[in-house]
């Protein structure tokens, strides 16, 4: 009798343990099913951040995209539980575009805007255009709660062509770079050169991420007038950094293995890109360039810090970025 009771107690304990294991397993599966999908890729098709507006302007179609992990972001009915959300904000913070899109079966979604026509059409008044820094914000949003899982912001400076001196032109400056590059190496990528100034950028050929730049002027001090004149003539004003050919560091999908981002410290103490969740980034091309926006009403001392990260990492915390170094320059009125 005692033996039979012991046997029954043992079986009861085993049933309880088995039931607990089933509950724990079901809970784990549930968590995995409803876990936020990893953002695999997010970006834009341009690195031009300043657009000079003319009444007779040439529009450029600019793509903004997001690709998320295919697993774990479908509901039990086979539909996505997340939206691709796109916002456009004027310099005063006014929300002039706020639209949600679905993802395709591969977890990809995109939105295309025509620039600078978007800014002209969405200004508060076409007789008094909203010049300044606009923001285009893209986010992964949960459908039911409308909470954002991940978001990135891209800043675009919309300037008046009339502010540029149409009779002046950009002259090639001295060939010496006033910004000597420090020794830096991260895995298979090493810094070869960097600088700030006015330059042209040309792709080296089809099916390549590598580029060549022709530096027209590199200096530690520029006037806002020089920058606007360069933009109005089709040149770029910004920063560049040069590394090895992309062919030396492609991933298994034949994409560049590394991304670079930057933090732009402004004279008023603000820092674009300080939050890694909103940091602008692009492939580490040879070279990589950043035509960064700045407020022409804020002359003073600027600093740009370059950072690098592995593209295939599925998180964007500060720990995933490695600082390359920083460059100081001055913008005058």
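The values are calculated or read from the model by the stated rules, or taken from the named source; none is laboratory data. Please read these numbers as outputs of a predicted model, since none were measured by experiment. Cβ: placed from backbone, ideal geometry, glycine included. Neighbour counts: every protein chain shown.
Data table
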| quantity | calculated |
| --- | --- |
| Scope the stretch 232-261; condition under 17 Å from residue 185 (Cα atoms) and within 17 Å of the chain's Cα centre (by Cα); matching residues | 240, 241, 256, 257, 258, 259, 260, 261 |
| Residue match in the stretch 285-303 (condition: touching a helix residue (DSSP H, G or I) at 6+ places or on another chain (Cβ under 9 Å), within 22 Å of residue 245 (Cα to Cα), assigned by TED's automatic domain parsing to the domain that holds residue 182 and surrounded by fewer than 19 Cβ atoms within 10 Å (Cβ to Cβ)) | no |
| Check on residue 307, assigned to a strand (DSSP E or B), surrounded by 14 or more Cβ atoms within 10 Å (Cβ to Cβ) and free of Cβ contacts under 8 Å to residues at least 60 places away in the same chain | yes |
| Test: residue 315 is in contact (Cβ under 8 Å) with a residue 40 or more places away in the chain, within 28 Å of residue 66 (Cβ to Cβ) and not in a strand (DSSP E or B) | yes |
| Positions within the stretch 263-292 being over 12 Å from the mean Cα position of the chain (by Cα), touching a residue at least 40 places away in the same chain (Cβ under 8 Å) and assigned to a strand (DSSP E or B), in sequence order | 264, 265, 288, 289, 291 |
| Any chance residue 196 is at pLDDT below 90 and not in a loop (DSSP other than H, G, I, E, B) | no |
| Boolean, residue 114 is closer than 22 Å to residue 161 by Cβ and out of contact with any strand residue (DSSP E or B) (no Cβ under 7 Å at 6 or more places or on another chain) | no |
